[in-house]
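**Q** The structure is given below, and queries will be raised subsequently.
Coordinate-derived values only; no laboratory data. Since this is a predicted model, take the numbers as computed values, not measurements. Counting neighbours? That spans all protein chains shown, and the Cβs are built from the backbone with ideal geometry, glycine included.
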Amino acid sequence: MSHSINRINNLAPRVIVCMDIKQGRVVKGINFKQLKDMGDPMELALMYEQQGVDELVFLDIAATIDKQKTALNLVAQIANDLSIPFTVGGGLKTLDDVKAFLDAGADKVALNTTAILSPSMINDTAKIYGNQCIVVAVDVLKTSEALQVYSHVGNELTDKSLFAWCQEVADRGAGEILLTCMHKDGMGDGFDCALTQKVSDSVAVQVIASGGASQPVHFLEAFQNNIDACLAAGMFHSKNYTVNEVKNYLYKQGIPVRTI
Amino acid sequence: MKNVLIIDTGSGNLTSLGAAIRKIGFNPIRQTEPSSDWFQKNDLGDIDAIVLPGQGRFGLVMQQLKKIGWVQYLQRAKQRKLPILGICVGLQILFESSAEDPNVSGLGWFQGKVEKILSPKSPMVGWAKLQGGFADQQYLYFVNSYAVKNSDFTVSTTEYGERFCASVQSDNIVGMQFHPEKSAKIGQNLLKRALTGSLI
C-alpha cells in the first residue's frame, strides 16, 4: 500500500552523494577500514551539483580536522558556494558543536555515536532548530543471528535494538534516519532493500539507504522497494558513473527522479 | 545594485539565502531590527525588496516580528508595492493563523490558515514537482510539516499525501513554500523574478 501512496506524490526519490572527509580531502573507505584519496570536497561538491545530485552529505568533517575552526570555515564555504542542501556529521559531540555547524550554514547535522551516548541531544537540537535539521545515522550489521547496531564509526557494538532505536530517535525529533548497512558497505552488490524498507515502514520519518551501491540498477531496486532516498559514494567518486547517468537511467525505468 | 532586506528573526541560519541573493547580483542586507532612522523618517530605508524568513516556528517568527516592530515596517512596504517574498514559514505568516501555534495570529494579508500536512513521512524533505503557475512541472526543494491547503491566491500546488499550496501571490507579494535558495539554478531564477516583481 505504501508503494502506491508514494508514487501518486510529487516528492522525488532522492539520490544523495556522501563524502567522507579526512584532513580536508574526500576519502573512500572500504569496509570502514582502508582509505583512498578521492579529491577536493568543494570541487567535487560543485561537480555533483552540476550533475543534478539532490543532496550532499559530508561526514567526519569535524572529527578528523584537528581544529574545528578549519572545519567550520569549510562548512561556511560550502554553504556559500552550493545551491542545494547539505548535511554535515561526524565528531559533533555537544550541543555547541551542533549549533556551530548549523550556524556556519549546514542545513542538517548527522549524529551517530553522540545520539547513542547522549540521546537528549536529538531533542535539544530539534527544539532549537526543528526536526528537519537532524539526521540520525544508524550503522547496522546483519549477522546470521542478529541485527547489531554499532557506534564509533562501526567499531563498537552497542546494546541497541535496531527497530527500537530507530523508533526512539524519530520520537525524540530526528527528521530523517540514515541507515548504513555495514554488511553491504563496500561490497558493491546493492543496498539491503529489504531491511531498509522494513525500517522505513516502522517509522514516521524518511529513511536513507546507505551501503552497497556500485551500479545504477541498485538505485532502481531501492526505489522500486519504495525507499525514500539512497546514498552512495565510491561509484561516483571513482567516476564510474555520474549522478546524471544514474538519474537518466532511473527516469527511463519509470522512477520519477528529478532530472536536469 | 538592488538592496534586498533579509529579516532575521534569529530562528535559523541565513547563509544560503544571503549567498543566493548575491549570486543573482543583488546585495543582501540582513537585519534583526529596523534601523531607528527608518522609524523616525517613516521610511523604508534604501531597500528595494524584502525576504521574510524561511525557518523556525510560526509563533516564534510572528512574535519576533511583532515585538521588534517589523510588522509596521512591512505594512509600509506593502503599501508602497515593494516586492516582498515569504519563504516557507515566511509564506505561512502571510496568512491568518497556523495549527502549529494557534494562539498567535499571522500577518493576515492572505485569507486562510496553515495546517499540518497528512504526509506519508513527516517532515516532508526533498524535491517535489510543482503544478501550475511559474515553474510548472519543475522540481523545487521543500522542508516542511505544515502548509496552506487552500487559498484564493494559489499560483502552484504540489502533493505529498495531500495537495497544498507551493506558491501564492498577490501583486508584489509572493510566498514560496519551497526553498528557492536550496533549489539550484531554478531556485535562483525564481528568487530573482520574485525580488524584482516580475513573476507571472
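**Q** What number of residues within the stretch B:142-193 are assigned to a strand (DSSP E or B), closer than 16 Å to B:Leu107 by Cα and touching a Phe, Trp or Tyr at 6+ places or on another chain (Cβ under 7 Å)?
**A** Qualifying residue count for the region: 6.
**Q** Residues that are out of contact with any Gly (no Cβ under 7 Å at 6 or more places or on another chain), buried (at least 21 other Cβ atoms within 10 Å of the Cβ) and within 14 Å of another protein chain (Cβ to nearest Cβ): does the stretch B:30-51 have at least one?
**A** So far as the stretch B:30-51 goes, no, none of its residues is out of contact with any Gly (no Cβ under 7 Å at 6 or more places or on another chain), buried (at least 21 other Cβ atoms within 10 Å of the Cβ) and within 14 Å of another protein chain (Cβ to nearest Cβ).
**Q** Can you confirm whether the stretch B:91-101 contains a residue that is more than 8 Å from chain A (Cβ to nearest Cβ) and closer than 23 Å to A:Pro256 by Cβ? Before the answer, list the steps.
**A** Filtering the stretch B:91-101 for residues more than 8 Å from chain A (Cβ to nearest Cβ) gives B:91-101.
From what's left, closer than 23 Å to A:Pro256 by Cβ: none.
The answer is no, given that none of the residues of the stretch B:91-101 is more than 8 Å from chain A (Cβ to nearest Cβ) and closer than 23 Å to A:Pro256 by Cβ.
**Q** Mind listing whichever residues of the stretch B:21-44 are under 30 Å from A:Phe86 (Cα atoms), part of a loop (DSSP other than H, G, I, E, B) and not β-branched (Val, Ile, Thr)?
**A** Across the stretch B:21-44, the qualifying residues are B:Gly25, B:Phe26, B:Glu33.
**Q** Please find, among B:Lys121, B:Lys192, B:Lys182, B:Lys129, the residue that is within 9 Å of another protein chain (Cβ to nearest Cβ), among the basic types (Lys, Arg) and in contact (Cβ under 8 Å) with a residue 40 or more places away in the chain.
**A** Step by step, each of B:Lys121, B:Lys192, B:Lys182, B:Lys129 is checked, and only B:Lys182 is within 9 Å of another protein chain (Cβ to nearest Cβ), among the basic types (Lys, Arg) and in contact (Cβ under 8 Å) with a residue 40 or more places away in the chain.
**Q** So, in the stretch B:165-176, of the ones that are surrounded by 24 or more Cβ atoms within 10 Å (Cβ to Cβ) and over 13 Å from B:Val51 (Cα atoms), which residue ends up farthest from the other protein chains (Cβ to nearest Cβ)?
**A** Going through the qualifying residues, I end up with B:Val168.
**Q** Need the failing condition index for A:Val88 against (1) surrounded by fewer than 23 Cβ atoms within 10 Å (Cβ to Cβ); (2) not in a loop (DSSP other than H, G, I, E, B), just the number.
**A** Every condition holds for A:Val88 apart from (1).
**Q** When you go through A:Ala110, A:Ala115, A:Ala137 one by one, which is the residue that is aliphatic (A, V, I, L, M), within 13 Å of A:Gly175 (Cβ to Cβ) and part of a helix (DSSP H, G or I)?
**A** Just one listed residue meets the conditions, A:Ala115.
**Q** Suppose we filter B:Gly86, B:Gly108, B:Gly18, B:Gly12 for residues that are surrounded by 17 or more Cβ atoms within 10 Å (Cβ to Cβ), part of a loop (DSSP other than H, G, I, E, B) and not aliphatic (A, V, I, L, M); which single one remains?
**A** Residue meeting the stated conditions: B:Gly12.
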